[in-house]
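J.: Take this structure first; my questions come after.
The values are calculated or read from the model by the stated rules, or taken from the named source; none is laboratory data. Keep in mind that what you see is a predicted model, and the values were worked out from it rather than measured. Quick reminder, even Gly has a Cβ in these numbers, built from the backbone with ideal geometry, and neighbours come from all protein chains shown. What goes into the accessible areas is simple: the full protein's heavy atoms, side chains included, and nothing from ligands, DNA or RNA. Shrake-Rupley method; radii C 1.70, N 1.55, O 1.52, S 1.80 Å.
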Amino acid sequence: MKSNLQPVTNKDMAEKLVYSFGDGMAEGKADMKNLLGGKGANLAEMCALGLPVPPGFTITTEVCVGYYAKGKKLPDSLEAQIKEALAQVERKAGAKFGDSVNPLLVSVRSGARASMPGMMDTVLNLGLNDTTVKALAKKTGNERFAYDSYRRFIQMYSDVVLGLDHYHFEEMLEQKKQERDVELDTQLTPDDLKDLVAQYKAKVIEELKTPFPEEVHAQLWGAVMAVFNSWMNPRACTYRRLHDIPESWGTAVTVQSMVFGNMGDDCATGVAFTRNPSTGEKKYYGEFLVNAQGEDVVAGIRTPQPLAEMPAVMTDVYKQLTSVFDTLETHYRDMQDIEFTIQNYKLWMLQTRNGKRTAAAAVKIAVDMVKEKRIDKHTALKRIDPLSLDQLLHPTLDASAAKTVLTVGLPASPGAASGKVVFTAEDAESMGLTHKEKVILVRVETSPEDIHGMHAAQGILTARGGMTSHAAVVARGMGKPCVSGAGSLSIDYGKKELKVAGRVIKEGDVITINGGSGEVMLGEIPTVQPSLSADFETLMQWADEVRKLKVRANAETPLDAGTARKFGAEGIGLCRTEHMFFDATRITAMREMIVASHVEGRKAALAKLLPMQRNDFIELFSIMKGLPVTIRLLDPPLHEFLPHTEEDIKQVAQAANVSAEIVRMRAHELKEQNPMLGHRGCRLGITYPEIYEMQAQAIFEAAATIMKEKNETVTPEIMIPLVMMPKELEILKALIDKVAAEAMQKTGMTITYHVGTMIELPRACLRAGDIAGVAEFFSFGTNDLTQTTLGISRDDSGSFIEIYKQRGIVEHDPFVSLDQSGVGELIQIAVERGRKTRGNLKIGICGEHGGDPASIAFCQKAGLDYVSCSPYRVPVARLAAAQAAL
């Protein structure tokens with residue numbers, strides 16, 4: 001008879017869900033970050049290094065993932081494993097959780113594998129109730145400390161776990177300080193704090209109709225659940241979306257024995273970096289607060305002291321702390337961001353992680369660490385986020401410009417920004433993203449709930465907070481300028497105004513902030529182009545030694561071409577000739593050509609454009625000095641050039657010697673229902689060959705001029721857009737070859753040139769083998785290829801693409817990062833079939849995806865020869881190409 005019993009598998013057995021650490025031992029280690037989160041893994045590693053770490057345990061990220069997968073249900077075995085781990089903490093700490101004589105207090109913190117500062121929830125001082133607070137006061141001989149910890153715990157737990165907004169408690173605290181006529185909460189007496197505790201608990205009953213929980217195990221379970229729930233809170237979701245952190249990773253939860261920085265003047269708490277996170281300078285950097293807890297530093301509730309002042313108040317502890325800095329940086333081989341607490345002059349390490357830094361600091365630290373032989377060049381290259389280089393390439397304030405400085409705060413995140421003042425994250429998002437206005441978000445202090453407004457703003461200004469406050473850390477990670485701790489600002493949210501230096505600045509008024517100097521200035525200040533450091537050039541040189549993909553630029557003006565060359569472009573991958581015709585001095589001749597009713601009229605108008613177009617190409621060839629220049633012949637539909645106002649219509653009619661009615665009729669004839677798929681690209685060249693003929697003539701005559709006058713080699717690459725059939729390319733290549741032969745005969749110069757096509761249609765990808773029989777190169781126009789493959793208009797997708805991302809239908813906006821499984825597969829087919837026909841076929845990409853690191857990595861795998869991107873993205877692409885090669 002067949003048994004109903006199934007064999008026991010490892011999956012059926014209770015999995016290990018909780019990992020303990022402390023007292024010089026740990027069940028985890030640094031390379032278990034995916035399971036224990038960054039915080040848990042690094043705490044375990046610090047224990048193994050023999051550093052002073054309060055004992056605790058970490059609940060794995062897998063519990064969080066399972067919690068959401070099973071409809072917010074936790075594993076049955078978790079409670080028993082937590083109980084066992086808590087007993088270990090009690091033994092190591094020499095205290096008992098909930099004890100009426102010697103109580104153990106714990107912190108409960110989140111810890112994803114990627115750092116998400118302030119985005120998820122934390123609870124400190126957990127384990128306090130009306131009984132244990134008295135025991136804590138008696139044990140420490142410090143009643144003020146005990147009740148200060150208790151009132152902090154009630155506020156934090158009520159906010160994080162019970163959902164009662166912290167402003168209720170802040171109002172009561174401020175009122176108490178006003179009653180007592182004191183400025184700082186540290187000046188309140190034990191009786192003041194006892195009264196606040198009673199008020200806080202009464203507020204919980206008033207608002208929630210239930211008393212504050214006294215049972216400590218219920219407190220612990222509630223906090224653990226709250227941290228798991230915070231993985232999906234709006235600010236965490238926004239942060240993950242902005243930083244491409246997968247939702248599927250989940251967060252770990254670390255429960256750790258409390259150590260106290262608020263027991264008196266022999267106690268402190270602080271945040272420090274082993275190097276300066278703004279500049280990269282090899283110098284300890286950070287802040288500390290005497291007689292405070294960690295959230296005081298991070299939240300900016302009190303303005304902390306610079307770390308450099310610590311030797312004056314805690315000499316021996318400072319020496320021990322800097323020794324730990326060196327140990328950790330040597331071990332992790334990277335700049336560390338460290339949280340610490342000092343209790344009765346004893347140092348405790350609460351966290352270490354690779355520190356967030358500005359792009360300038362990242363470059364300097366990476367190059368310096370290679371020189372120090374801590375890492376090799378390849379590691380240095382892999383450490384820099386290519387997109388972060390954008391921070392280094394944009395303008396800074398013009399030092400010579402006149403400015404009215406309103407106040408000076410702390411230079412929390414470098415860079416300069418001007419914009420209209422807004423006082424809420426919602427207004428920043430509305431004005432900045434919806435209405436495309438430049439705004440500066442001004443707050444007393446930012447909190448994680450402000451993340452969406454910080455993202456939308458050009459820069460952030462706060463009245464409170466230090467260099468490691470929430471505003472500073474998040475702004476540096478985003479590459480946004482930030483000035484924090486500008487204490488002279490008086491901000492009135494109700495009136496939507498701020499007062500500073502005797503002035504009233506209202507919402508909508510323009511200010512400028514300089515995150516490098518801390519200055520806040522009235523009005524908009526001019527900017528200057530940035531100068532790139534020697535370290536930047538060194539890093540780019542290392543990238544060029546490694547990468548296989550060439551990097552070109554999309555450029556058609558001398559300014560863009562010069563900028564591209566300055567940033568290391570190896571040619572022009574896309575010159576959009578239509579941009580040259582929109583110039584005010586040319587648009588009339590272009591319109592005259594369009595309204596002409598016969599070929600002779602069109603040629604007469606094109607003859608006016610020929611010398612202008614020839615000069616354009618002479619300038620580009622001259623700047624690029626022999627590097628390849630890919631010129632796309634006219635692409636957009638002709639109706640885009642036609643006038644809309646009566647005045648312009650009359651002007652065109654006069655120039656073309658026709659009536660205004662004929663101009664209007666021509667505009668009506670050319671109007672299309674779906675211009676993107678209409679009469680454009682090579683279809684124009686087929687129906688109006690004289691347009692492409694003029695452009696080809698301008699190209700070849702410009703090339704001959706440069707060759708003759710400057711004795712430089714010029715090899716134009718002429719690109720035919722929107723080809724779907726090989727026959728289209730055959731007809732237009734024959735036309736170009738004919739013009740080339742005539743130009744060479746006329747100028748006496750032999751010009752080497754190539755004719756290729758822009759692959760923008762699925763059919764062109766599928767028939768790439770046939771097209772390669774005619775084309776000498778392919779360049780993927782991935783903007784249009786994405787539109788035609790997905791059936792989504794790039795101009796209209798903004799109304800729904802964010803919802804698609806939130807619902808998990810798409811991971812990225814396909815117009816920002818290439819749709820690798822769909823559009824990417826078409827590219828791979830085209831590469832394979834094209835090279836089967838023409839083995840030496842040169843292939844590149846010239847859509848906006850050419851500056852996206854993930855898309856560049858795909859291009860490397862797909863076997864492309866080059867990517868082309870906007871001039872300011874050239875360094876990004878050079879580094880991304882190096883990382884793809886590695």
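J.: Please identify which residues in the range 662-703 have an amide N closer than 20 Å to a label point set 7 Å out from the Cα of E646, following the Cα→Cβ vector.
T.: 662-668
J.: For a quick check of understanding: with a 1.4 angstrom probe and all protein chains in place, what accessible area in square angstrom does T251 have, to the nearest ten?
T.: Its accessible surface works out to 0 Å², give or take rounding.
J.: Taking the Cα centre of the range 745-886 as origin, sum charge times position over the Cβ atoms of Lys and Arg (+1) and Asp and Glu (-1), and report the length of that vector in debye to the nearest 20.
T.: The dipole magnitude comes to about 540 debye.
J.: For T407, what residues show an amide H to amide H distance below 5 Å, using hydrogens built from the backbone and excluding near sequence neighbours?
T.: For T407, the qualifying residues are V520.
J.: Which distance in nm do the two modelled labels at K506 and T330 give, with both placed 7 Å along the Cα-to-Cβ direction?
T.: Simple spin-label model gives 6.1 nm for this pair.
J.: What distance in nm separates the two pseudo spin-label positions at S447 and K746, each 7 Å out from Cα along the beta-carbon direction?
T.: 7.2
J.: Working out 0.36 nm times the residue gap between A308 and K727, then minus their Cα-Cα distance, what length gain in nm do you get to one decimal? Kindly include the intermediate steps, with their values, before the conclusion.
T.: On the way: separation 419, 0.36 × 419 = 150.84 nm, distance 7.35 nm.
Working it through step by step, the gained length comes to 143.5 nm.
J.: Too long at a 29 Å Cα-Cα cut-off: which of K33/K72; K29/K373; K436/K506; K550/K746?
T.: Values: K33/K72 23 Å; K29/K373 25 Å; K436/K506 20 Å; K550/K746 35 Å.
Exceeds cut-off: K550/K746.
J.: A further question on this structure: Tilt of helix 534-546 relative to the longest C-alpha principal axis of the chain, in degrees (0 to 90, nearest 10)?
T.: Value to nearest ten degrees: 70.
J.: Taking a spot 7 Å from the Cα of K625 along the direction of its beta carbon, which residues of the range 527-568 have an amide N less than 15 Å from it?
T.: The answer is 561-568, whose backbone nitrogens lie closer than 15 Å to the label point.
J.: A further question follows. Using the heavy atoms of the protein chains and a 1.4 angstrom probe, tell me the accessible area per residue for the range 695-748 in square angstrom.
T.: Values: 2260 Å² over 54 residues.
Here the residues of the range 695-748 average 42 Å² of exposed surface.
J.: Rounded if a/c is under 1.5, else prolate if a/b beats b/c, else oblate: with a ≥ b ≥ c from the C-alpha gyration tensor eigenvalues square-rooted, which is the range 755-886?
T.: On the way: a/c = 2.00, a/b = 1.34, b/c = 1.49.
Since a/c reaches 1.5 but b/c is at least a/b, the shape of the range 755-886 is classed as oblate.
J.: Something else: Quick one: Karplus J couplings for the range 840-847, per residue in order, coefficients 6.51, -1.76, 1.60, θ = phi - 60°, nearest Hz, x for Gly and Pro?
T.: So the Karplus estimates, Gly and Pro as x, are 9, 4, 7, 9, x, 9, 10, x Hz.
J.: Can you list which of the trypsin sites (Lys or Arg not before Pro) found in the range 167-243 are DSSP loop residues with at most 16 other C-beta atoms within 10 Å?
T.: Working: sites: K176, K177, R180, K194, K201, K203, K209, R235, R240, R241; in loops: K209.
Listed in order of number, the matching sites are K209.
J.: Tell me, what is the FRET efficiency for E524 and K671 to the nearest 0.05, using R0 = 35 angstrom and their Cβ-Cβ distance as r?
T.: Values: r = 40 Å, r/R0 = 1.14.
Calculated transfer efficiency: 0.30.
J.: Same structure again: Using the Karplus equation 6.51 cos²θ - 1.76 cosθ + 1.60 (θ = phi - 60°), what ³J(HN,Hα) coupling, rounded to whole Hz, does each residue of the range 25-35 give in order, writing x for Gly and Pro?
T.: 10, 7, 7, x, 7, 4, 7, 9, 4, 4, 8
J.: Any idea how far apart A402 and E174 come out in nm if each label point goes 7 Å out from Cα toward Cβ?
T.: It is 3.9 nm.
J.: List the residues of the range 22-61 whose backbone N lies under 13 Å from a point placed 7 Å from the Cα of S323 along the Cα-to-Cβ direction.
T.: Zone members listed by number: 50-52.
J.: Grab the DSSP H runs of the chain that are 4 residues or longer, score each as -39,500 (n - 2.57), total them, divide by all residues and round the 222 nm result to the nearest 500 deg cm²/dmol.
T.: Numbers: 35 runs with 392 residues, N = 886.
Only helices count here, giving -13500 deg cm²/dmol.
J.: Next up: Within the range 181-236, which GluC sites (Glu not before Pro) sit in a loop by DSSP and count at most 11 neighbouring Cβ atoms inside 10 Å? Kindly include the intermediate steps, with their values, before the conclusion.
T.: Values: sites: E183, E206, E207, E214, E215; in loops: E183, E214, E215.
Here the sparse-neighbourhood loop sites are E183, E215.
J.: Below 8 Å, C-alpha to C-alpha, sequence gap of six or more: please give me the relative contact order for the chain in percent. It would help to have the intermediate numbers written out before the result.
T.: Details: 1836 pairs, mean separation 76.0, N = 886.
Rounded, it is 9 percent for the chain.
J.: How high is the FRET efficiency from Y345 to H243, r the C-beta distance, R0 51 Å, rounded to 0.05? If you can, show how the numbers build up before the last one.
T.: Details: r = 38 Å, r/R0 = 0.75.
With R0 = 51 Å, the Cβ-Cβ based efficiency is 0.85.
J.: Looking at (1) 97, 93, 76; (2) 102, 89, 54; (3) 102, 67, 59, which value of Cα extents along the principal axes in Å comes from a calculation on the structure shown?
T.: After the calculation, the listed value that fits is (2).
J.: While we're here: Quick one: what are the phi-derived ³J(HN,Hα) couplings along the range 653-665, Karplus 6.51/-1.76/1.60 with θ = phi - 60°, whole Hz, x for glycine and proline?
T.: 4, 5, 5, 8, 6, 9, 7, 4, 5, 5, 4, 5, 5
J.: Can you give the relative contact order of the range 749-886 as a percent, counting alpha carbon pairs under 8 Å and 6+ residues apart?
T.: Working: 206 pairs, mean separation 35.3, N = 138.
Computed value for the range 749-886: 26 percent relative contact order.
J.: Suppose R0 equals 56 Å; then what is the FRET efficiency for E437 and D316 from their Cβ-Cβ distance, rounded to the nearest 0.05?
T.: Working: r = 53 Å, r/R0 = 0.95.
Once rounded, the FRET efficiency stands at 0.55.
J.: Sorted by accessible area with a 1.4 angstrom probe, largest first, how do S230, S793 fall?
T.: Ranked from most to least accessible, the order is S793, S230.
J.: Which of the chymotrypsin sites (Phe, Trp or Tyr not before Pro) found in the range 314-397 are in a DSSP loop and have at most 12 neighbouring Cβ atoms, other than their own, within 10 Å?
T.: The qualifying sites are Y345.
J.: If DNA, RNA and ligands are ignored and the probe is 1.4 Å, what is the ranking of H579, H168 by accessible area, most exposed first?
T.: Numbers: H579 95, H168 30 Å².
Of H579, H168, the descending order of accessible area is H579, H168.
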